[in-house]
Amino acid sequence: MKKIVLLLIFFSSTLLATEPHGFVKTSINLGVRGDNKLKFINTNVRTQINLYQDLGENGSVTASFDLLYEKYMNSTPELKIIPVETYAQYSGKNFGIKAGKYYDFWGLFDWISPTDILDPWDMTHISSDIEDYRISIYGINLSYGSDILNAEINLLPFFQHSIFPMDISTEEVPSNQLKEIEIGAKLSGIAEKIGLDWDLYYFRGRDRNPSRIYPNPPAGNLAPVTGTPSTPPLIKEYYQKLTMYGIDFSIPVSSLLFKLEGAYFLTEDRKGNNPLIENPYFSTVGGFDWSVIPTLTLSLSYKLKSYTKFNKKIDTRGRKNNNFFTFSLKYQPKDYLNFQWISIYQIDDKSTMSLSFISYSIIDDYTLTLGEILFYGKNQTTYGKFTDYSEVFVELKGSF
């Protein structure tokens, strides 16, 4: 059903659009650590076509598709057609509606925002373009806006999960039933006298990241020390139900923008009695953006993830708090030169992720990008488990 809707929007956009545009991007990703050192992790050519057409004074149709030819790891080269964003929308005086496939990013922080829960991640396509490693959602977005208050509701009928480079044994993916429709709501406002922006969030649906469960383990088969089956049956990747309540604030002070964001997640294990899936938890992030000069911005943030409803009699492993420190830098001294770097350090297990790239516009409409995505840490730590997928990459992008 979702493919039929997207095709209808795409072909209507193709017929109506007067100025299609897009780009062609070639990427080569070379492993630099672990088992994939000096091996090609990904080579691809991505052609994106963007179409847009107004429909009267208040309506419009947007279609954006990727034609992707790639060879990932040792797999056979594939040619894929990927809908990036494809939707129809109507915007009235105070009310709007959008239906199709679109992005809706929540929260104030890059990479570690606890409320940025709607759009899944694609960790197999990390690059300089966010569209490569975030996945747009299928849904209907209803919005209301006024001078003092803005509200939106997302109804998401088709579940989508994040994609990771590691092998997955089997997946238990939710079926597309009425009871599985996800709901995401956001309420925003501003206290003009002090310049304080605020947002409230609500989400009811499923986690984009899987929990590993062991279906029907034999009685007494849980190892008391680790809390995992000592001789487990087949492992499943299970996307558990959760409810999120979130809030964020931001306020500018001189050249600084202070930000605070927090969320509480009610997972399926609401009483903390199941050691194999995640307990309910709080996730809080605080930090600031500092515009040092117009061309240079530094950002620092700290994130705490704290578990609740923990039953020590059942889960002898314990549930430790997770602490993260994030640093990022954005520097654009010239219109044709751009450098960005973000690094996330997991304080408790001492693992690190680093993404940086430099882009240079060779001539008009042609950009060369060199970058790296590196993971450090011991095996099975937060970022250490991705060590084999550390890579450097080069991209050549031409727009039309």
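No lab work stands behind these numbers, since they all come straight from the coordinates. Model, not experiment: these values are computed from the prediction. Using ideal geometry, Cβ is built from the backbone for each residue, glycine included, and neighbour counts are taken over all protein chains shown.
Computed FRET efficiency, Cβ-Cβ of residue 21 and residue 296, R0 35 Å: what is it to the nearest 0.05? Before the final figure, lay out each step's value.
Numbers: r = 31 Å, r/R0 = 0.88.
Computed FRET efficiency for residue 21 and residue 296: 0.70.
Comparing 34, 384, 56 in a Gaussian network model of the chain where C-alpha atoms under 10 Å apart are linked, the largest mean-square fluctuation is found at 56. Computed extension gain for residue 91 through residue 197, at 0.36 nm per residue and net of the alpha carbon distance, reaches 35.8 nm.
Which pairs break 21 Å Cα to Cα here: 350/385; 271/303; 241/309? Result: 271/303 exceed 21 Å.
With a/c under 1.5 counting as rounded, go ahead and sort the chain into rounded, prolate or oblate using the C-alpha gyration tensor (a ≥ b ≥ c being the square roots of the eigenvalues; past the cut-off, prolate if a/b is larger than b/c, else oblate).
Numbers: a/c = 1.33, a/b = 1.23, b/c = 1.08.
Verdict is rounded for the chain.
Length gain on complete extension for the stretch residue 55 to residue 358, per 0.36 nm per residue less the alpha carbon to alpha carbon distance? Working shown, then result.
Working: separation 303, 0.36 × 303 = 109.08 nm, distance 3.90 nm.
Full extension from residue 55 to residue 358 adds 105.2 nm.
The calculated 222 nm mean residue ellipticity attributable to helices in the chain amounts to -1500 deg cm²/dmol, summing -39500 (n - 2.57) over DSSP H runs of n ≥ 4 and dividing by all residues.
Site pair residue 73 and residue 39 shows an inter-label distance of 0.8 nm when each label is modelled 7 Å from Cα along Cα→Cβ. Peptides 337-346, 259-268, 143-152 ranked from most to least packed, by the mean per-residue count of other Cβ atoms within 10 Å: 259-268, 337-346, 143-152. Extension gain for the segment residue 179 to residue 271, taken as residue separation times 0.36 nm less the Cα-Cα distance, is 30.8 nm to one decimal. Among the listed pairs 39/397; 37/320; 71/378, a Cα-Cα separation exceeding 27 Å is found for 37/320; 71/378.
The alpha-carbon of residue 259 sits under 16 angstrom from the alpha-carbons of these aspartates and glutamates, leaving out residues fewer than 8 places away in its chain: 110, 116, 197, 199, 248, 289.
Between 132, 364, 199, the GNM of the chain built on Cα springs shorter than 10 angstrom shows 364 fluctuating the most.
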